[in-house]
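Notes for the one structure printed next.
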Amino acid sequence: MTPATRQEVLGLYRKILQIAKNWQSASGQIEETMKEKEYIRNEARTLFRKNKNVTDPKLIKQCIEECEARIEIGLHYNIPYPRPIHLPPMGLAHKQGHTLRHQEKLRKISKPIYLKSHDEVS
């Protein structure tokens, strides 16, 4: 990891912790706010620790993009949890002769960047 990339990653981590510190839930309830703050801190801690040994520059860039997307979506919707994709089960069209593996491949490709690591951790 280059020093510039390292600084970018550490900056994102600090930004997430700052967001968690100042987070206010949409409902305004203290219990809900505390639960969401804790979720933000735990999610960041878990994902950053999971990816601390990543050395591939493309994978690092993908993780940074996912982090930035989740920050923006969370701040925009005021919801710290990842927003689900709304595809009905097996709702992607398939061609004749293709099997279930093709459906799963299409589903994986259609997954938004901000959900790539969510299923791995949850």
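The values are calculated or read from the model by the stated rules, or taken from the named source; none is laboratory data. The shown structure was predicted, so the numbers you read here are calculated from the model rather than taken from an experiment. Positions of Cβ are generated from backbone atoms using ideal geometry, with glycine treated the same way; all protein chains shown enter the neighbour counts. With ligands, DNA and RNA removed, areas are computed over all heavy atoms of the protein, side chains included. Shrake-Rupley method; radii C 1.70, N 1.55, O 1.52, S 1.80 Å.
Suppose we filter Ile19, Ile40 for residues that are assigned to a helix (DSSP H, G or I), touching a Phe, Trp or Tyr at 6+ places or on another chain (Cβ under 7 Å) and either farther than 17 Å from Thr2 by Cα or acidic (Asp, Glu) (or both); which single one remains?
Working: Ile19 fails: touching a Phe, Trp or Tyr at 6+ places or on another chain (Cβ under 7 Å).
Every option except Ile40 fails the conditions.
Mind checking whether some residue in segment 25-35 is surrounded by 17 or more Cβ atoms within 10 Å (Cβ to Cβ), out of contact with any Gly (no Cβ under 8 Å at 6 or more places or on another chain) and not in a loop (DSSP other than H, G, I, E, B)?
Of the residues in segment 25-35, the ones surrounded by 17 or more Cβ atoms within 10 Å (Cβ to Cβ) are 25.
Those left that are additionally out of contact with any Gly (no Cβ under 8 Å at 6 or more places or on another chain): 25.
Filter once more, keeping what is not in a loop (DSSP other than H, G, I, E, B): none.
Scanning segment 25-35 turns up no residue that is surrounded by 17 or more Cβ atoms within 10 Å (Cβ to Cβ), out of contact with any Gly (no Cβ under 8 Å at 6 or more places or on another chain) and not in a loop (DSSP other than H, G, I, E, B).
Considering every residue within segment 56-64, establish whether at least one is free of Cβ contacts under 8 Å to residues at least 24 places away in the same chain and surrounded by 12 or more Cβ atoms within 10 Å (Cβ to Cβ). It would help to see each step written out before you state the result.
Here is the first cut: in segment 56-64, the ones free of Cβ contacts under 8 Å to residues at least 24 places away in the same chain are 56, 58-59, 61.
Next, only the ones that are surrounded by 12 or more Cβ atoms within 10 Å (Cβ to Cβ) stay: 61.
Yes, because at least one residue in segment 56-64 is free of Cβ contacts under 8 Å to residues at least 24 places away in the same chain and surrounded by 12 or more Cβ atoms within 10 Å (Cβ to Cβ).
From the residues in segment 36-53 that are farther than 22 Å from Ile79 by Cα and of a type outside the set (S, T, N, Q), which one is least open to solvent (accessible area, probe 1.4 Å)?
Checked segment 36-53; the qualifying residue least open to solvent (accessible area, probe 1.4 Å) is Lys50.
For segment 105-117, check the following and say yes or no: at least one residue is out of contact with any strand residue (DSSP E or B) (no Cβ under 9 Å at 6 or more places or on another chain), in a loop (DSSP other than H, G, I, E, B), surrounded by fewer than 13 Cβ atoms within 10 Å (Cβ to Cβ) and modelled with pLDDT of 65 or more. Spell out how you get there, then give the answer.
We begin by selecting, within segment 105-117, every residue out of contact with any strand residue (DSSP E or B) (no Cβ under 9 Å at 6 or more places or on another chain); these are 105-117.
Cutting the leftovers down to in a loop (DSSP other than H, G, I, E, B) gives us 111-112, 116-117.
Within this subset, residues satisfying the condition of being surrounded by fewer than 13 Cβ atoms within 10 Å (Cβ to Cβ) are none.
No: zero hits.
Considering only segment 1-12, I want to know if a residue exists there that is open to solvent by 80 Å² or more (accessible area, probe 1.4 Å), under 10 Å from Pro80 (Cβ atoms) and assigned to a helix (DSSP H, G or I).
Within segment 1-12 (the criterion being open to solvent by 80 Å² or more (accessible area, probe 1.4 Å), under 10 Å from Pro80 (Cβ atoms) and assigned to a helix (DSSP H, G or I)), the answer is no, since none of the residues qualifies.
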